[in-house]
Amino acid sequence: MVDTNFYRAFEDRYRGSRESIKSRLTVYLPFIQPLKQFYSTCQGIDLGCGRGEWLELMRENEVDVQGVDLDQAMLEAARERGLNVSQGDAIQSLQSLAPESQILVSGFHLAEHLPFEVLQTLIQESIRVLKPGGLLILETPNSENITVGTSKFYLDPSHQRPIPSQLLSFMAEYSGFEQVKILRLQESAGLAVNNSLSLFDVLGRVSQDYAVVAQKVGESRIFAALAPAFEAGYGLSLESLANSYDQQIKTKAQQAETKAQQAETKAQQAETKAQQAETKAQQAESALIAVYNSRSWRLTAPLRRLGSKVRRLFQRAKAVKQKIRQKIKLFFMRAMFYINRRHRLKQLVLAVLTLFPALKKRLGQIAVSAMAAQKARPIVTAEL
């Protein structure tokens, strides 16, 4: 027994929310809005209307579109919103309409459910019921998206087979529509200008859906009004994305090659500098050897030896002088200590030193320096 609620639950899970679907469908408004000005009554039919997102959007834009669907559970969702829907077969519903009575025939994700012969009949009946300049809109999964064409498409068990965009557009042309436009839809945002594409982007992020918008022959003024919509670009093809990916790979390879060449150049420059340094070192060594082997070096050898001996003698004399100075300081400090302990001798020395002020000052400086070095109390007071 068939579960009549299955498909509604399936759509609720995988189709997306009503708000998101309505937002996606606004892409068709530039085709619909100009068409309304040419007809006092704007009627249309939506085949396989499902939950009625398109019907709701058309009602908001003052286009009277009737919805038709076989799934009673899906129609209940549309009726809950007061939409004009009925249960019925798509082809039979089209055949019941009068010729040139509609400005719009639409079918969103319907074509992939139909056998080829039925789809042909749908297109032929659409051109019969459309008013001059009227529109046929058929939206379906885009098999150009490799992930959609090989996997996601078959998630819906009622799908027949993917329909290439070239086939569906040719069917509309063959049936007699004056102009046909392919709209690629629902690609990842910003993908067209992404400078870091991955292989997954190429395989799974091309436009997930596409639509064929076909216009019936009509007055030139109707075609002129819809020209901006038909001339605009829509979506992202697999070819353009793959070309962008290839170009980025080539660019990265060229950049890597450039960096490798730069690194090689730097390595060669470093090697050149190392060779130059080695050459200079060899030249310096050769010059030094030449000096050692020169006649002047041999002739000046006694002078260098004499200079070395003189330096050693000078260093020894400096050391002896330092020792003598230390001994004199020690003797002077002992003498001062001795004199300082004998009052009468101290008075006599001070009296004599008074006669020689310069000597007294110098001895005072020596005493202060010595006491600071020994960290002792002054032996002779400031009177010196």
Residue ID - most open to solvent (accessible area, probe 1.4 Å), chosen from residues in the stretch 227-237 that are part of a loop (DSSP other than H, G, I, E, B) and either in contact with a strand residue (DSSP E or B) (Cβ under 8 Å, 6 or more places away or on another chain) or without any contact (Cβ under 8 Å) to a residue 24 or more places away in the chain (or both): 233
Tally of residues being surrounded by 15 or more Cβ atoms within 10 Å (Cβ to Cβ) and among the hydroxyl-bearing types (Ser, Thr, Tyr) across the stretch 87-101: 2
Evaluation of residue 210 against (1) among the hydroxyl-bearing types (Ser, Thr, Tyr); (2) at pLDDT 95 or above; (3) part of a loop (DSSP other than H, G, I, E, B) (one fails), failing number: (3)
Matching residues in the stretch 25-84 - criterion: being among the charged types (D, E, K, R) and either within 41 Å of the chain's Cα centre (by Cα) or closer than 20 Å to residue 223 by Cβ (or both): 36, 51, 53, 56, 60
Residues within the stretch 40-64 that are at pLDDT below 95 and either among the aromatic types (Phe, Trp, Tyr) or assigned to a strand (DSSP E or B) (or both), tallied: 0
Hey, residue 163 buried (at least 20 other Cβ atoms within 10 Å of the Cβ) and assigned to a loop (DSSP other than H, G, I, E, B) or not: yes
Cross-chain or 6+ apart pairs with Cβ under 9 Å, the stretch 38-60 first and touching a residue at least 60 places away in the same chain (Cβ under 8 Å) and more than 20 Å from residue 88 (Cβ to Cβ), then part of a helix (DSSP H, G or I) and open to solvent by 20 Å² or more (accessible area, probe 1.4 Å): 38/221; 38/225; 42/36
Those helices (runs of 4 or more DSSP H) lying entirely in the stretch 275-384 with at least 3 residues at pLDDT 80 or above and open to solvent by 100 Å² or more (accessible area, probe 1.4 Å): 301-340
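Which one of these is under 27 Å from residue 20 (Cβ atoms) and without any contact (Cβ under 8 Å) to a residue 12 or more places away in the chain: 193, 202, 206?
Values: 202 fails: without any contact (Cβ under 8 Å) to a residue 12 or more places away in the chain; 206 fails: without any contact (Cβ under 8 Å) to a residue 12 or more places away in the chain.
Among 193, 202, 206, only 193 is under 27 Å from residue 20 (Cβ atoms) and without any contact (Cβ under 8 Å) to a residue 12 or more places away in the chain.
In this structure, does residue 183 turn out to be assigned to a helix (DSSP H, G or I), modelled with pLDDT of 95 or more and in contact with a Phe, Trp or Tyr (Cβ under 7 Å, 6 or more places away or on another chain)? Lay out the reasoning, then the answer.
Values: assigned to a helix (DSSP H, G or I): no; modelled with pLDDT of 95 or more: yes; in contact with a Phe, Trp or Tyr (Cβ under 7 Å, 6 or more places away or on another chain): yes.
No.
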Residue check for residue 168: among the aliphatic types (A, V, I, L, M), part of a helix (DSSP H, G or I), in contact (Cβ under 8 Å) with a residue 12 or more places away in the chain and touching a Pro at 6+ places or on another chain (Cβ under 7 Å): no
Residue in the stretch 214-222 that is among the basic types (Lys, Arg), at pLDDT 90 or above and not in a helix (DSSP H, G or I) present: yes
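Please find, among 141, 157, the residue that is touching a Phe, Trp or Tyr at 6+ places or on another chain (Cβ under 9 Å), open to solvent by 60 Å² or more (accessible area, probe 1.4 Å) and of a type outside the set (A, V, I, L, M). Don't jump to the end; show me each part of the working.
Values: 141 fails: open to solvent by 60 Å² or more (accessible area, probe 1.4 Å).
Every option except 157 fails the conditions.
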Out of 224, 211, 253, sole residue that is open to solvent by less than 30 Å² (accessible area, probe 1.4 Å) and of a type outside the set (Asp, Glu): 211
Unmet requirement for residue 268, which otherwise passes all of (1) open to solvent by less than 30 Å² (accessible area, probe 1.4 Å); (2) assigned to a helix (DSSP H, G or I); (3) not basic (Lys, Arg): (1)
Pairs with Cβ under 8 Å, 6+ apart, first in the stretch 70-86 and part of a strand (DSSP E or B), second charged (D, E, K, R) and open to solvent by 30 Å² or more (accessible area, probe 1.4 Å): 85/79
Residues of the stretch 19-37 satisfying the condition of being among the polar types (S, T, N, Q) and part of a helix (DSSP H, G or I): 20, 23, 26, 33
Filter result (in a helix (DSSP H, G or I) and farther than 24 Å from residue 157 by Cβ) within the stretch 94-122: 94, 95
Those residues of the stretch 186-207 which are surrounded by 15 or more Cβ atoms within 10 Å (Cβ to Cβ) and either modelled with pLDDT of 95 or more or part of a helix (DSSP H, G or I) (or both), in sequence order: 191, 201, 202, 203, 204
Some residue of the stretch 152-159 being over 26 Å from residue 107 (Cα atoms) and within 30 Å of the chain's Cα centre (by Cα): no
Selected residue [surrounded by fewer than 22 Cβ atoms within 10 Å (Cβ to Cβ) and of a type in the set (A, V, I, L, M)] from 75, 114, 104: 114
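The values are calculated or read from the model by the stated rules, or taken from the named source; none is laboratory data. This structure is a prediction, so every number in the text was calculated from the model and none was measured. Note: ideal-geometry Cβ built from the backbone for every residue, glycine included; neighbour counts use all protein chains shown. Heads up: the accessible areas ignore ligands, DNA and RNA and are worked out on the full protein's heavy atoms, side chains in. Shrake-Rupley method; radii C 1.70, N 1.55, O 1.52, S 1.80 Å.
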